[in-house]
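Okay, so here's the structure we're looking at.
Laboratory data are not the source of any read-out in this text; all were calculated from the coordinates shown. All figures in this text were calculated on a predicted structure; none of them were measured in a lab. Reconstructed Cβ throughout: ideal geometry from the backbone, glycine too, with neighbour counts over all protein chains shown.
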Amino acid sequence: MQRLAPALRQDNVPLDLISLIKTILAATKEISFRVGQGHLSEVMGSTLDENIQGEVQKQLDVVANQLLKDILLESGFVKAISSEEEDTSVAGNINGKYIVSFDPLDGSSNIEINSLIGTIFSIMEAPEGMDASDPDLFKQPGHKQVCAGYVLYGPSTTLAMTTGQGTHFYTLDKTHGSYMLTERNIQVPKETSEFAINMSNHRFWQAPMAAYIDDLLRGKEGPRGRNFNMRWNGAMVGDVHRILTRGGFFSYPVDNKDPAKPAKLRLMYEANPMSFLIEQAGGLSVTSQGRIMDIEPEDIHQRVEVILGSSDEVEQCLSYYSGN
Ligand SMILES: O=P(O)(O)OC[C@H]1O[C@](O)(COP(=O)(O)O)[C@@H](O)[C@@H]1O
Ligand SMILES: [Mg+2]
Ligand SMILES: [Mg+2]
């Protein structure tokens, strides 16, 4: 079994990028330890503060954010960071080559039920000639990512990561504190009979998504001629991990539940990194209008519709929008 750094060197990943990845992963090892301590850790529970999205932050969100932020800003590798838990981007080293966006804890409503949570990150090169505090540093489409990944704090701590040369799984060996390469070149099967969507929003969806899901639910007797199974983790990291492992369809579509918030997932630190991982594993990741990684961002916290997973099923879903 190979350790992470030699595996990345073998893929000719630049040494400064490897150092940055190792820096992010050092924070995730600490988060993994704290998550594993559960209620033994004094960091469980809620703070009274709300983040910019108006959600009550869990204490663990705050701690995970602080760990990542501190280690990244101290490293000197980054020009700026942006995080779900920071209202604005935070300036780092003016000479830093990279910018990092992250969701320090994804699936935070799962914390108190001891279920799946994770950290999602996305790395791009910083455009030259811009100030470290310039929020426009982050206004680059997802296809500019040089690395993306998540760490899933499940029964084992698993890293899924891509540097543009396939998506690979690594497992944290807690006896040595090292991420070990456990599966190279993950492939998302083209076909699937499993879907993930928050069904409780059905009445708020647009007609094409409702029609697509209704046809899946009709199973063997419906137009698809086979039965479909459903899974929903309430944490995108858990759902995407299942899809990378055995295929599947995932969507958080636009809905009219809250007109001020037609989409739920965040482009910069949820949709873009997951899209890079899924595409590098042969899957598709789109909105009903086009490829997610081609979206020109306008805001570091912008939300976006997400439809991703096994390519045949994503295409099936899109055919309901195009009427084909
Ligand atoms: O509450 P719902 O509708 O089940 O939404 C679940 C979705 O919300 C998220 O948890 C949002 O992430 P955060 O926990 O980082 O806010 C996604 O991971 C997940 O897919
Ligand atoms: Mg999240
Ligand atoms: Mg979060």
Legend entry - For the chain, built as a Gaussian network whose Cα springs stay under 10 Å, the top-fluctuating residue of 76, 149, 309: 76
Legend entry - Estimated [θ] at 222 nm from DSSP helical runs (n ≥ 4, -39500 (n - 2.57)) normalised by residues in the chain, nearest 500: -9000 deg cm²/dmol
Legend entry - Ranked list, fewest to most other Cβ atoms within 10 Å of each Cβ, for 125, 221, 85: 221, 125, 85
Inset, instruction - Express the C-alpha Rg of segment 75-158 as a ratio against the empirical globular expectation 2.2 N^0.38 Å, rounded to two decimals. - result: 1.22
Legend entry - For segment 2-183, convex hull of alpha carbons as volume per residue, Å³: 115
Inset, instruction - Sort segment 77-225 into rounded, prolate or oblate with this rule: let a ≥ b ≥ c be the square roots of the eigenvalues of the Cα gyration tensor; rounded if a/c is under 1.5, and if a/c is not under 1.5, prolate when a/b is larger than b/c, oblate otherwise. - result: prolate
Legend entry - Percent of Cα pairs exceeding the 37 Å cut-off, where the set is the chain: 13
Inset, instruction - Scan the chain and note any complete DSSP helix (H) whose C-alpha atoms cover at least 20 Å along its axis and whose Kyte-Doolittle average is 0.5 or more. - result: 15-37
Inset, instruction - On each of the three principal axes of the Cα atoms of segment 220-271, give max minus min coordinate, whole Å, ordered largest first. - result: 38, 27, 15
Inset, instruction - Once you've got the GNM for the chain with C-alpha springs shorter than 10 Å, pick whichever of 212, 153, 179 has the biggest mean-square fluctuation. - result: 212
Inset, instruction - Can you pull a Stokes-Einstein diffusion coefficient for segment 260-324 at 37 °C (0.692 mPa s), Rh from Kirkwood over Cα pairs, as a whole number of µm²/s? - result: 271
Legend entry - Among 130, 293, 180, residue whose mean-square fluctuation peaks in a GNM of the chain (springs only between Cα atoms under 10 Å): 130
Legend entry - Calculated SAXS-style log₁₀ I(q)/I(0) at q = 0.13, 0.17 Å⁻¹ - segment 178-324, Debye, Cα scatterers: -0.56, -0.95
Legend entry - Other-chain or far-sequence residues with amide H under 5 Å of residue 146's (modelled H): 123, 124, 125
